[in-house]
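To start, the structure under review is shown below, and the notes come after it.
Nothing in this text is a laboratory measurement; each read-out follows from the coordinates by a stated rule. What you are looking at is a predicted structure, and each value in this text was computed from that prediction instead of being measured. When we count neighbours, we look across all protein chains shown, and the Cβ atoms used for this are built from the backbone with ideal geometry, even at glycine.
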Amino acid sequence: MVLAVGCGAYIAALFLMVCHAFYKGLLFLAAGSVIHGLEDEQELARMGALRKWLPWTFATFLVGWLAIAGIPPLAGFWSKATCSPTSMPSPSRSMWPASSPPSSRPIT
């Protein structure tokens, strides 16, 4: 998001921020569902192998995880794909000033 804003892609950065808020919210809601399903248990050792006991929560976590990873049919892919081209350097210019060819102007 910050890189896209720095490159001038304000709309792409805003789209990524909104998408990120929604799938991060989805993951937090799923985590709350696990805690509620375990009757307010906070022990991490008891929170394993819950796929067969909480199938809807598993599906919610899976969709949120795929979205945040940027898998193509989900919004995370499209939001990250809009930011990527703006942050790539052009072929005529290097991204790092140190690797640019030296100028022909002598240092005085």
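So for the stretch 1-73, averaging the separation of alpha carbon pairs under 8 Å that are six or more residues apart and normalising by length, what relative contact order in percent results? Value for the stretch 1-73: 32 percent. For Leu50, put the label point 7 Å out on the Cα→Cβ axis and report which residues of the stretch 59-78 keep their amide N under 13 Å from it. Within reach of a label on Leu50, which here means backbone N under 13 Å from a point 7 Å along Cα→Cβ, the stretch 59-78 contributes 59-62. What the Cβ-Cβ distance of Phe28 and Ile71 gives, at R0 = 22 Å and to the nearest 0.05, is a FRET efficiency of 0.65.
3J(HN,Hα) along the stretch 42-59, derived from phi through the Karplus expression 6.51 cos²θ - 1.76 cosθ + 1.60 where θ = phi - 60°, amounts to 10, 6, 5, 5, 8, 9, x, 6, 9, 4, 7, 8, 10, x, 5, 5, 4, 5 Hz, with x in place of Gly and Pro. FRET efficiency for the pair Leu38 and Ala59, taken as 1/(1 + (r/R0)^6) with r the Cβ-Cβ distance and R0 = 22 Å, rounds to 0.80. Once the chain from Val18 to Val5 is taken as fully extended at 0.36 nm per residue, the excess over their C-alpha distance is 3.3 nm.
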